[in-house]
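All remarks here apply to the structure that follows.
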Amino acid sequence: MNEPKPMNFQLPVARYRCVFRAETPIRFPAYAGSTWRGAFGHALRRTVCMTREPECGQCLLWRSCVYSQVFETPAGRGPMLEKVNTAPHPYIMHPLETSGRQYAPGDEFALYLTLLGKAVEHLPYLIHSLQQVGERGLGKQGGQCSLQQVEQENEVGSGVWVSIHTSGGSLQALPGNVPLVPPVPDGEVRVHLHTPFRLLQEGTPVHSERFSFQLFFNTLMRRLSLLHAFHAGVELEADFKALSQQAAAVPLLQAQLHWHEWSRYSNRQQSKVQMGGLLGSFGLPAGQLAEFWPWLWQGQWVHAGKGAVMGMGGYSLDC
């Protein structure tokens with residue numbers, strides 16, 4: 001195994017499992033990410049908004065409010081951030097367990113939630129908002145549920161979950177941590193896309209025939225860099241242009257990718273929005289990954305591509 005090239009990643013990550021119990025029948029759409037995100041956003045705004053301004057940008061508290069910091073993150077200040085029109089949000093909802101499922105009263109189900117950077121400090125507000133989501137109802141039928149327990153992974157990627165909150169009890173959260181990067185493995189690394197990876201190139205979605213490691217890695221570099229700048233106050237030091245050029249020489253091994261189409265209804269646009277992306281897997285030669293390995297490893301926890309807050313672009317590394 002080879003040592004990865006060092007990177008100054010400093011973005012804390014915390015992962016939670018929120019266990020609900022259905023109080024009335026609940027039916028989730030085929031991909032539940034948009035349902036969870038919409039309900040969560042409305043509940044968070046009701047929970048923390050003090051001024052009741054119709055638009056956050058008009059509010060005196062815009063840059064300090066928990067809702068705007070988490071759900072409508074303001075574009076930043078400084079040389080790097082001023083070039084960005086929209087900021088990445090510091091949370092990810094993982095909807096796969098509930099997608100396409102129906103639950104009868106008494107059934108339990110879980111929503112996984114990842115918080116990034118400074119958003120880890122806002123966990124109490126977010127838990128309260130999820131309690132409100134259950135009481136107000138989810139989906140077209142407005143099915144109600146109650147939050148029974150919140151668990152937290154003791155270290156990111158460990159698979160060990162610790163109870164930090166139960167219904168009616170106190171909260172004893174663990175701090176977030178920066179995932180440690182293991183050595184680069186030998187042989188082949190397999191990248192598994194668990195939720196649709198969506199990337200637009202000149203306004204057109206990238207399908208399997210145009211997909212490349214360079215496109216995937218460029219998207220990942222941009223997301224990790226912006227998340228650090230907005231939510232950890234750190235500007236990553238790297239030669240992004242050189243890394244991109246080097247990524248162009250990394251081949252895909254036995255790519256098995258297919259397009260998965262789904263749509264969501266946008267309240268802002270008052271219409272359906274297509275949100276298709278790539279699913280499947282592709283291999284990479286480990287011997288060419290020393291420069292890219294830290295980015296690939298960290299990317300497992302932050303996702304890549306469009307719609308990450310709704311759980312899209314989630315992947316894992318098999319090595």
Exercise for the section: Filter the stretch 156-182 for residues that are part of a loop (DSSP other than H, G, I, E, B) and free of Cβ contacts under 8 Å to residues at least 24 places away in the same chain and give the result. Expected result: SER158, GLY159, VAL160, SER167, GLY168, GLY169, SER170, GLN172, LEU180
Problem - Residue check, VAL181 under 24 Å from ALA87 (Cα atoms) and either surrounded by fewer than 19 Cβ atoms within 10 Å (Cβ to Cβ) or touching a Pro at 6+ places or on another chain (Cβ under 6 Å) (or both) - result: no
Exercise for the section: Would you mind telling me which numbered condition in (1) of a type in the set (Gly, Ala, Ser); (2) at pLDDT below 95; (3) open to solvent by less than 50 Å² (accessible area, probe 1.4 Å) GLY233 fails? Expected result: (3)
Problem - Number of the exception - ALA110 against (1) open to solvent by 30 Å² or more (accessible area, probe 1.4 Å); (2) within 16 Å of ILE26 (Cβ to Cβ) - result: (1)
Practice task
Determine which member of the set ALA30, ALA43, ALA22 is touching a strand residue (DSSP E or B) at 6+ places or on another chain (Cβ under 9 Å) and either farther than 24 Å from VAL120 by Cβ or among the hydrophobic types (A, V, I, L, M, F, W, C) (or both).
Solution key: ALA22
Handout entry: Residues being part of a helix (DSSP H, G or I) and under 15 Å from ARG15 (Cα atoms) - total across the stretch 82-123
Key = 7
Problem - Residue that is most open to solvent (accessible area, probe 1.4 Å) [pool: residues in the stretch 193-207 that are of a type outside the set (Val, Ile, Thr) and touching a Gly at 6+ places or on another chain (Cβ under 8 Å)] - result: HIS194
Practice task
May I ask you to verify whether GLU153 is buried (at least 19 other Cβ atoms within 10 Å of the Cβ), closer than 28 Å to ALA229 by Cβ and out of contact with any Pro (no Cβ under 8 Å at 6 or more places or on another chain)?
Solution key: yes
Practice task
Would you check which residues across the stretch 208-222 are closer than 21 Å to GLY117 by Cα and either open to solvent by 30 Å² or more (accessible area, probe 1.4 Å) or touching a strand residue (DSSP E or B) at 6+ places or on another chain (Cβ under 8 Å) (or both) and list them?
Solution key: ARG222
Handout entry: Test for LYS241: is it among the basic types (Lys, Arg), within 19 Å of the chain's Cα centre (by Cα) and open to solvent by 40 Å² or more (accessible area, probe 1.4 Å)
Key = no
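The values are calculated or read from the model by the stated rules, or taken from the named source; none is laboratory data. Predicted, not measured: the structure shown is a model, and the values here were computed from it. Every residue, glycine as well, gets a Cβ built from its backbone with ideal geometry; the counts of neighbours run over all protein chains shown. Quick note on the areas: whole protein, heavy atoms, side chains included, nothing else; ligands and nucleic acids left out. Shrake-Rupley method; radii C 1.70, N 1.55, O 1.52, S 1.80 Å.
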